[in-house]
1. Go through the stretch 132-143 residue by residue and turn each phi into a ³J(HN,Hα) via Karplus (6.51, -1.76, 1.60, θ = phi - 60°); whole Hz please, and just put x for glycine and proline.
2. Using the Karplus curve 6.51 cos²θ - 1.76 cosθ + 1.60 with θ = phi - 60°, work out ³J(HN,Hα) for each residue of the stretch 99-115 in order, rounded to whole Hz, and write x for Gly and Pro.
3. Fewest Cβ neighbours within 10 Å first, please rank PHE299, PHE11, PHE328 accordingly.
4. What's the FRET efficiency of LEU40 with GLU69 using the Cβ-Cβ distance as r and R₀ = 22 Å, to the nearest 0.05?
5. Towards the positive end of the charge dipole of the stretch 1-125, with charges on Cβ (+1 Lys, Arg; -1 Asp, Glu), say which of LEU38, ALA78, SER119 has the farthest Cα.
6. Which whole number of Å³ per residue matches the convex hull of the alpha-carbon atoms in the chain?
7. Quick one: which residues, 5 or more positions from MET48 or on another chain, have an amide H under 5 Å from its amide H? H modelled 1.01 Å from N in the peptide plane, none for Pro or chain starts.
8. Could you give the length gained on full extension between THR224 and ARG314, defined as 0.36 nm per residue of separation minus the Cα-Cα distance, in nm?
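Bear in mind these aren't lab numbers, they're just calculated from the coordinates by the rules spelled out. Given the structure is predicted, the values throughout are model-derived calculations rather than measurements. Backbone-built Cβ (ideal geometry, glycine too); neighbour counts: all protein chains shown.
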Amino acid sequence: MEDIAKIKQAFLKGLGGAKDRAALEALRVEYLGRKGKLTLILRSLGGMVLEEKKKIGPAAQALRKEFEELLSNHEAVAKEGASAPHAAIDLTAPGRRFSRGHLHPLTQVEDEIRRIFASMNFSVVEGPEVESEYYNFDALNIPAGHPARDMWDTFWISRGAKKSTENLLLRTHTSPVQIRYMEAHEPPFQIIVPGRTFRYEATDASHEINFDQLEGLVVGKSITLANFKFVVEAFFEKFFKGRKIEFRYRPSYFPFVEPGIEVDIKIAGGKWLEIMGAGMVHPRVFEYAHYNPHEWQGFAFGIGIDRLAMIKYRVPDIRLFYSGDLRFINQF
Ligand code: FA5
């Protein structure tokens, strides 16, 4: 057993000094060759007494296995070294690219819209996503039981333990911010309100249960639909830079405007697409906001931001924006 321990020590020392394949081969012959030091011990097992054989046999076999493994590991390393003799690091290799995040396409579109309206002297205002029934409906001239409430399928919020006196909901449009802003400010003004809106609807290629709207509200002493037309057309021409756009204004109904209209656009000979609701602010809405409807008038509009993004980037399905699929997101 002493011999075995010595052999192991000597072998490991030799291995540490072996710099190339030839030295490793010499080591192999010295210990594992036909007349190798370990081979001789293995051969002599036959002449040993049983006791000795039981002790030395397994130890010598294990050592042979260990030597073989060590030698083949070192040979593999020596081989690699031979094919790349200079440096372990290739200083000329191109760097690994770090992946950086970027803004979501809907955020990019919203930023662009904010920039364009800011250049036309509009202020940007925001409002709460959890809204009261009063601001989302009543103050917009849509009282409880009015059939127009069916135009907005609503997510109502359960009041839970907190006994609020108001009914709460996820706002179905950005129009409630009209009232909130007018309550706190005096006219004249011109604002836009971008923000997330929610509807309890079945989804399809152009409908989501949450989407983004852009409200616009301009109030002054002599604001007319002609001003509205100018603002909207100037906006779209900037937004779709250089693409040819046709506009279509259709009469429509929203309880908070009179008259109400819907605007469709057609780009470069494509299909007509409904893009927004709009109209002149209803006198009753001014009354809710404590403005004198005989003194003030204005226009309001609500654009679907997702739909604008779909047209701008030719995205066929609104649900892609919310899919979290990097193959889609990384195209922007
Ligand atoms: C409204 O929500 C009105 N508040 C707009 C308005 C404002 C009218 C001010 C008059 C004055 P409407 O339900 O049509 O209107 O929605 C406006 C736009 O939001 C639509 O033209 C469409 O572009 C977008 N939109 C509506 N529902 C969805 C939906 N489920 N998914 C994606 N976009 C939608």
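1. Values per residue, Gly and Pro as x: 8, 4, 4, 6, 6, 10, 3, 5, 9, 6, 10, x Hz.
2. 8, 10, x, 8, 5, 4, x, 5, 5, 4, 5, 4, 4, 4, 4, 4, 4
3. On the way: PHE299 25, PHE11 21, PHE328 14.
Arranged by neighbour count, lowest to highest, PHE299, PHE11, PHE328 become PHE328, PHE11, PHE299.
4. On the way: r = 21 Å, r/R0 = 0.94.
Once the sixth-power term is evaluated, E becomes 0.60.
5. It is LEU38.
6. Values: hull volume 102.1 nm³, N = 332.
Taking only Cα atoms, the chain has a hull volume of 308 Å³ per residue.
7. Those qualifying (amide H under 5 Å, at least 5 residues apart or on another chain) number zero.
8. Numbers: separation 90, 0.36 × 90 = 32.40 nm, distance 3.32 nm.
Result for the pair: 29.1 nm of gain on full extension.
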